[in-house]
Amino acid sequence: MKWSDRLYFGTWQLGGQFKSLSKAYIESLLLFAISSGIRRFDTAAVYGSGKVEEMLGVCLPKDAAIVTKIPAASKPNIKTPEPIQKFYSRDVMHRSVDESLERLQRSSVDVALLHNWLSTWSEDAVAILECLNELKDQGMIQRVGISLPDNFSCPISDAVLSHIDVIEVPFNSEQRWVLTQLPTLIELKKEIILRSLFGQGKLLAGRSAESLIQDALELETSVVIGMTTEEQITKNINCLRGTSGSITPTEEVTNNNH
């Protein structure tokens, strides 16, 4: 598989949560990524309160693939889980996708994921996932899926897997649960997008960013990596290509995950 089919440019850091980046700088960075061969981008409706999607809509060519995420009506509490119907409904999902498409300046998005997911949601989530698939049937979404939170460690049920195409999951030195279910997911032809490779910059002691990326690449999955400089873009592409250009320690801290 070509590196460009595996690498997603993560855009969480473009929303201003980690550092302040001007609109002109972000647009220049995105154009550099595109000119470097990157064609896959990972975003969410909540990044920059929608501003990141708007910038992608302005900068990205139509052949760029976009993964976006649908936020829950309110953020679920992992410690006191409640039914998925409290957080997602047909109206919430349809409205969110409509608004994302408007910001992205597209009639269809490649992948839409439920941004919030709890391990307790299983058979009871089928009706919600069926509503999400309505958007695929209407051509507004090409594929659907779920984004798993940090420290998720519960196998995804067959009932859920039968209704989704893509799973975004944290994977790093401390979060490796996906390895137990990965063979099944690959056999079912689900796309697995590994995120949080660097654990928000907290897990890099004693490990190079390049070695963490290589861990993920050996699993033959996709990876999403946040980048805020042209140098990071170039070095990460070289890393996926298997050429020289490992990331220096000072870059590792700012090279966020998604």
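Where a number appears in this text, it was derived from the coordinates with a stated rule and is not lab data. The model shown is predicted, which means the values in this text are computed figures rather than measured ones. Reconstructed Cβ throughout: ideal geometry from the backbone, glycine too, with neighbour counts over all protein chains shown.
Descriptive notes on the structure:
- Peptides 59-65, 232-238 ordered by packing proxy, namely the average of other Cβ atoms within 10 Å per residue, highest first: 232-238, 59-65.
- If you model region 1-131 as an ellipsoid using its alpha carbon gyration tensor, with each semi-axis the square root of five times an eigenvalue, the axes come out at 29, 16, 14 Å, biggest first.
- Short-range pairs are left out: with C-alpha atoms under 8 Å and at least six residues apart, the relative contact order of region 3-254 is 18 percent.
- Computed extension length for I186-V92: 30.8 nm, one decimal, from 0.36 nm per residue of separation with the Cα-Cα distance subtracted.
- Net length gained if the chain between S119 and D63 were fully extended (0.36 nm per residue, minus Cα distance): 16.7 nm
- For the pair region 156-179 / region 69-111, the C-alpha centres are spaced 19 Å from each other.
- Taking a straight Cα-Cα cut-off under 14 Å and skipping sequence neighbours fewer than 8 places away in the same chain, the aspartates and glutamates within cross-link reach of K86 are D124.
- Choice from T221, T43, T80 with maximal GNM fluctuation in the chain (Cα, 10 Å cutoff): T80
- Relative to the current alpha-carbon distance between L31 and T80, full extension at 0.36 nm per residue lengthens the span by 13.3 nm.
- Between K2 and L219, the modelled label-to-label distance comes to 2.5 nm, taking each label 7 Å out from Cα in the direction of the beta carbon.
- Loop-resident GluC sites (Glu not before Pro) (DSSP state other than H, G, I, E or B) in region 92-174 with no more than 14 further Cβ atoms inside 10 Å of their Cβ: E174.
- A cut-off under 15 angstrom between Cβ atoms defines the neighbours of G50, and their net charge, with Lys, Arg +1 and Asp, Glu -1, is +1.
- With distances taken between every two different alpha-carbon atoms, region 3-254 has a Kirkwood hydrodynamic radius of 18.5 Å.
- Between the beta carbons of K23 and T234, assuming R0 = 22 Å, the FRET efficiency works out to 0.45 to the nearest 0.05.
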